[in-house]
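Remarks on the structure that follows.
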Amino acid sequence: MATTWEDLAAEKKRRQAASIPKEWLITLPTDDVLDVTNIPANCGLLSPLELEITETREAATILSKVASGEWSSVQVATAFCKRAVIAHQVTNCLTEIFIDRALQRAAWLDEQLRSTGKVVGPLHGLPISLKDQISIEGLETTMGYASWVGKVAERDATLAEILVECGAVLYVRTNVPQTLMWPETYNLLFGRTVNPANRTLTCGGSSGGEGALLGVRGSILGVGSDIGGSIRIPAAMNGVYGFRPSFHRIPYDGSANSLGGQDSLPSVLGPLSTDLGGIKLFMQAVIGQRPWLKDPLSLRKHWDEDEYRLIEHGGGKKLTFGILWNDGLVLPHPPIIRALEITKNTLIAAGHEVIDWKPYKHDELYEVTKGIWAAAGDADYKAVVSQTGEPLLKSMGATNSPEPAAYIKSTGISAFELFKIQKKRALLRKEYLDYWQSTKALTSTGRPVDAIISPVAPFPPPPHGKNTSAEYTLIWNVLDYPACVFPVTKVDPVLDKPKPAHAFLSKVDQKIYGFVRCLHDSPETFKNAPVGLQLVGRSQEDEAVIAMTEIVDAALKATFQDKPRL
């Protein structure tokens, strides 16, 4: 019987390995093979049909073929189970692997379709992966803690229940960083998840397992969570789409979490997908099940088709986008600036208007966010690790740094001090709303700016242990602005050479410039690294944000069809 955290971790890893069919093990690439995105197509495990299924980018296509009987749910589930296991072998992206349950579920769906002639729901037969927070009855929810090995869920999380009602096939859960409060993915239970485009680089976090799995196409649609960028950072760093919904649009009830009870700045659940259509499909399906009847915190707000049609944004015919070139504290580095320029030029060519977005009190909003996160000190994390003596990680690097992470404070603050932070947050949200409204004086449409195009991070995915920045994403969490990530390009070692030192905006800016400049001394450092951006709208404008991201994404695809976005 396991008695220490090390014993618990070793026992869990043994059980995880046993959940993989031996005939699905592949010959692993050597460490010098950095890009593993083509391994599934070349390893010989997948049949031609399984390759066709898993190479399909559009979730709607899979749903259509299953509904018509061209593909069975079992065929689709088998293909994605196999590909997910391949992805895990080359990136270490999975935690729970429950193939037998998935195939039984898929067989039941096939029987329902045969016997009734009808699909079970809008996601009938679609495999959906889940971040290791979304509880499933009978399975452990460890959330990256060795101390939670053996913590078996007694019921499905509300979101898992709804996805099953919609006809989805749940088949794997994905890796996270210990505590979740990191933009990377490493823990003492399952280890580190790497970026499939370049395994020397981070996959991001905290939904990093989802990002890596989607990057290898071991999933077409997955679920992550986001309290400060944890959906959007992995989406951008793995070249896929990711959506951070507004507070309480997607039910969180029954899912595990850090900082439980902290509701000043809630975490949200949301989708990541290889296809932007998958983002819309997920949101429509989940909201269509009226989650407010299952989760008391879910907003009673149906999918708003008028909002999706951009009725309040000129019907989408001519939109005004604000480009956030920097946040006033850290200047993004060449690949990110190039992605912004590509997007700007593409939108102008498509007939839209683009203006500069000047950051408004981002530094104060950052401090408010970090004040809320650290309000209880390290009590939440220590309450977990103290159960077994598991060390509390202070770094995502190769060694556990003696310096505490920015979000970990040894002592908390009083309730009164937290009240003051919450009050300041409310005042800043009002000021930002007024600031956004004032931009109607700058646009040719007479409307305020329709959406903001922003970096996701000031740099592309860096080497492991070096991803210390979440400011470009957390700003939208504290304001509760929905944001959707879309891929733009990849790092080009010729086009993205470091620029001469600029007038630094802050000490952090100077530090990051030096760090990235040093990395660029080796042109291979960022080889093949994906670069994405995010489109940001105002609170509860989720449908409009999805629609406007579709417009931007379509313009990029039309402009660069069959050509690299250089």
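Of all the Cα-Cα pairs you can form in the range 21-78, what percent are over 16 Å apart?
On the way: 863 of 1653 pairs.
Result: 52 percent of Cα pairs exceed 16 Å.
For a test of the definition: using alpha carbon positions, the gyration tensor, and the 1.5 limit on a/c, classify the range 262-404 as rounded, prolate or oblate. It is oblate, given that a/c is not under 1.5 and a/b is not larger than b/c.
Given the chain, what percent of its DSSP beta bridges are antiparallel, to the nearest 5?
On the way: 29 of 42 bridges.
Beta bridges within the chain, antiparallel portion: roughly 70 percent.
Across the range 174-187, rounded Karplus estimates of 3J(HN,Hα) from the backbone phi angles (6.51 cos²θ - 1.76 cosθ + 1.60, θ = phi - 60°) give 10, 6, 9, x, 4, 6, 6, 8, 9, x, 9, 9, 7, 8 Hz, Gly and Pro being marked x. With the charge dipole of the chain set up from +1 on Lys and Arg Cβ and -1 on Asp and Glu Cβ about the Cα centre, the Cα lying farthest toward the positive end among the listed residues 176, 39, 528 is that of 528.
Annotation: for a label point projected 7 angstrom from Cα along Cα→Cβ of residue 358, residues of the range 434-476 with backbone N closer than 20 Å are 434-455.
With the simple spin-label model, which puts each label point 7 Å out from Cα in the Cβ direction, the residue 427 to residue 441 separation comes to 2.3 nm. The stretch between residue 58 and residue 38, if pulled fully straight at 0.36 nm per residue, gains 5.3 nm over its current Cα-Cα span.
Which FRET efficiency value, to the nearest 0.05, do you get for residue 23 and residue 510 by plugging their Cβ-Cβ distance into 1/(1 + (r/R0)^6) with R0 = 35 Å? Walk me through the numbers before you get to the answer.
Numbers: r = 54 Å, r/R0 = 1.53.
With a Förster radius of 35 Å, E is 0.05.
For the chain, the membrane-span-like helix rule (DSSP H, alpha carbon extent of at least 15 Å along the helix axis, mean Kyte-Doolittle at least 1.0) picks out 276-288; this says nothing about an actual membrane.
Bridgeable lysines around residue 499 (alpha carbons under 16 Å apart, same-chain partners fewer than 8 residues away excluded): 511.
Semi-axes of the range 436-506's equivalent ellipsoid from the Cα gyration tensor, sqrt of 5 times each eigenvalue, largest first, rounded to whole Å? Please list the in-between numbers first.
Numbers: eigenvalues 163, 59, 41 Å².
Equivalent-ellipsoid dimensions as semi-axes: 29, 17, 14 Å.
Of the three principal axes defined by the Cα atoms of the chain, the extents in descending order read 59, 53, 50 Å. Close amide H pairs (under 5 Å, H built 1.01 Å from N) link residue 184 with 205, residues at least 5 positions away or on another chain.
Name the shape class, rounded, prolate or oblate, that the alpha-carbon gyration tensor gives for the range 185-305, where a ≥ b ≥ c are the square roots of its eigenvalues, rounded holds for a/c under 1.5, and otherwise prolate holds if a/b is larger than b/c and oblate otherwise. Here the range 185-305 falls in the oblate category. Run a plain Debye calculation on the range 396-515 (Cα atoms as equal point scatterers, no solvent) and give log10 I(q)/I(0) at q = 0.14, 0.16, 0.19, 0.23 Å⁻¹, rounded to two decimals, same order as the q list. Each listed q corresponds, in turn, to -0.99, -1.20, -1.34, -1.37.
When only Cα pairs under 8 Å and 6 or more residues apart are kept, what is the percent relative contact order across the chain? Let's see the in-between values first.
Numbers: 1227 pairs, mean separation 87.2, N = 566.
It rounds to 15 percent for the chain.
When only the Cβ of Lys, Arg, Asp and Glu is charged (+1, +1, -1, -1), the dipole of the chain relative to its Cα centre reaches about 640 debye.
Calculated mean residue ellipticity at 222 nm for the chain: -11500 deg cm²/dmol, from DSSP H runs with n ≥ 4 weighted as -39500 (n - 2.57), summed, divided by the residue count and rounded to 500.
As a quick test, which of the pairs 466/527; 12/131; 394/424; 497/557 have an alpha carbon distance above 21 angstrom in this structure? Check vs 21 Å cut-off fails for 394/424; 497/557. In the range 2-122, inverting the average of 1/r over every pair of distinct C-alpha atoms gives 16.3 Å as the Kirkwood radius. The alpha carbons of the range 185-246 stretch over 32, 24, 16 Å along the principal axes, in descending order. Convex hull volume per residue, computed on the Cα atoms of the range 133-231, equals 95 Å³. Counting Lys and Arg as +1 and Asp and Glu as -1 over every other residue whose Cβ lies under 11 Å from the Cβ of residue 230, the net charge comes to 0. Near the amide H of residue 189, within less than 5 Å, lie the amide hydrogens of 146, all on another chain or at least 5 residues away, with H placed in the peptide plane. Computed log10 I(q)/I(0) for the range 466-533 at 0.14, 0.20, 0.23 Å⁻¹: -0.58, -1.05, -1.18, from the Debye equation with unit scatterers placed on every C-alpha and solvent omitted. Note on residue 104/residue 503: beta-carbon distance plugged into 1/(1 + (r/R0)^6) with R0 of 56 Å gives a FRET efficiency of 0.35.
Under a Cβ-Cβ cut-off of 14 Å, what is the net charge of the residues other than residue 300 that fall near it, where Lys and Arg count +1 and Asp and Glu count -1? Let's see the in-between values first.
Details: positive: 249, 290, 294, 301; negative: 295, 304.
Taking every Cβ under 14 Å from that of residue 300, the sum is +2.
Since every read-out is calculated from the coordinates, none of them should be taken as a lab result. Predicted model, so just to flag it, every value in this text is computed and none were measured. Please note: Cβ atoms are built from the backbone with ideal geometry, for glycine as well, and neighbour counts cover all protein chains shown.
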